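Student: Here it is: the structure, laid out below.
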Amino acid sequence: YADKTPADLQADLALRWIVERGLLAGATLIFDVADHILAAHFTLYPQTYRESLERLRDRGVISPSLWEKMATFAGLRNILAHEYMTIDIPKVHRQFLRALETFPQFQREVQEWLDREGKGHGDK
């Protein structure tokens, strides 16, 4: 889907739903992981999605550069979930292209943090 344009999303409702629901599912998973790490390892309970990412950055779980790339996902997640009528298709497209890079980077950085902390999948 990386080759699709905003016009493609506008013209094809099924494609648009695939991209939007993929973004929503990915962002929700990231925020769930963030909240779990913060609660279980730092006894922190952020009030917003953005704050969850900020706290991960502050605690060295994710890099400042990844935080900068992901900071806008908090607002987008809320729009996709709750304000469906105000969706900006070019913005969704930009965020989708960004997600193709940042979602896997989030997974890598969290796994690296878990490994450093002795909590990785290879540790007993």
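Student: Taking the 0 to 90 degree range and rounding to the nearest ten, how far is the long axis of helix 49-58 tilted relative to the main principal axis of the chain, both from C-alpha atoms?
Tutor: Once rounded, one gets 40 degrees.
Student: In sequence order, what are the phi-derived ³J(HN,Hα) couplings for segment 94-99 according to the Karplus relation 6.51 cos²θ - 1.76 cosθ + 1.60 with θ = phi - 60°, rounded to whole Hz, with x for glycine and proline?
Tutor: Residue by residue, segment 94-99 yields 4, 5, 4, 4, 5, 4 Hz.
Student: Hey, what did the chain get for relative contact order, percent, Cα under 8 Å, at least 6 apart?
Tutor: Values: 85 pairs, mean separation 34.8, N = 124.
Over the chain, the number comes to 28 percent.
Student: On a 0 to 90° scale, report how tilted helix 13-42 is relative to the longest principal axis of the chain, with both axes built from alpha carbons and the result rounded to the nearest 10.
Tutor: Tilt of helix 13-42: around 20 degrees.
Student: Could you check which residue among Ala74, Ala25, Ala40 shows the biggest mean-square fluctuation in a GNM of the chain with a 10 Å Cα cutoff?
Tutor: In the Gaussian network model the winner is Ala40.
Student: Now for a separate question. Quote to one decimal, in nm, the extra length available between Trp17 and His82 on full extension: 0.36 nm per residue of separation minus the C-alpha distance between them. Don't jump to the answer; show the numbers that get you there.
Tutor: Values: separation 65, 0.36 × 65 = 23.40 nm, distance 1.46 nm.
The Trp17-His82 span can extend by a further 21.9 nm.
Student: Which trypsin sites (Lys or Arg not before Pro) from segment 24-97 combine a DSSP loop assignment with at most 14 other Cβ atoms within 10 Å? Write down the numbers at each step before the final one.
Tutor: Details: sites: Arg50, Arg55, Arg57, Arg59, Lys69, Arg77, Lys91, Arg94; in loops: Arg59.
Counting only loop positions with at most 14 other Cβ atoms within 10 Å, the trypsin sites (Lys or Arg not before Pro) in segment 24-97 are Arg59.
Student: Computed from these coordinates, which is mean projected area of the Cα convex hull in nm²: (i) 7.6; (ii) 8.1; (iii) 8.6?
Tutor: (ii)
Student: Total Lys pairs in the chain closer than 29 Å by alpha-carbon, pairs eight or more apart in sequence or interchain only? Write out the running numbers ahead of the final one.
Tutor: Details: Lys4/Lys69; Lys4/Lys91; Lys69/Lys91; Lys69/Lys119.
Step by step, the pairs that qualify in the chain add up to 4.
Student: Could you work out the helix-only [θ] at 222 nm for the chain, with each DSSP H run of four or more residues adding -39,500 (n - 2.57) and the total divided by the number of residues, to the nearest 500 deg cm²/dmol? Provide the component values of the computation, followed by the final result.
Tutor: On the way: 6 runs with 91 residues, N = 124.
Mean residue ellipticity, 222 nm, calculated: -24000 deg cm²/dmol.
Student: Run the numbers for Phe42 and Ala71: contour at 0.36 nm per residue of separation, minus the present Cα-Cα distance, in nm. If you can, show how the numbers build up before the last one.
Tutor: Numbers: separation 29, 0.36 × 29 = 10.44 nm, distance 2.06 nm.
Full extension of this stretch gives 8.4 nm more.
Student: Any chance you could run the full-extension gain for Ile89 through Tyr1? It's 0.36 nm times the residue separation minus the Cα-Cα distance, nm to one decimal. Don't skip to the answer; put the middle values down first.
Tutor: On the way: separation 88, 0.36 × 88 = 31.68 nm, distance 1.47 nm.
Result: 30.2 nm gained on full extension.
A short reminder: the numbers here are calculations on the coordinates, not readings from a lab. Predicted, not measured: the structure shown is a model, and the values here were computed from it. Here Cβ is always computed from backbone atoms with ideal geometry, including for glycine, and neighbour counts include all displayed protein chains.
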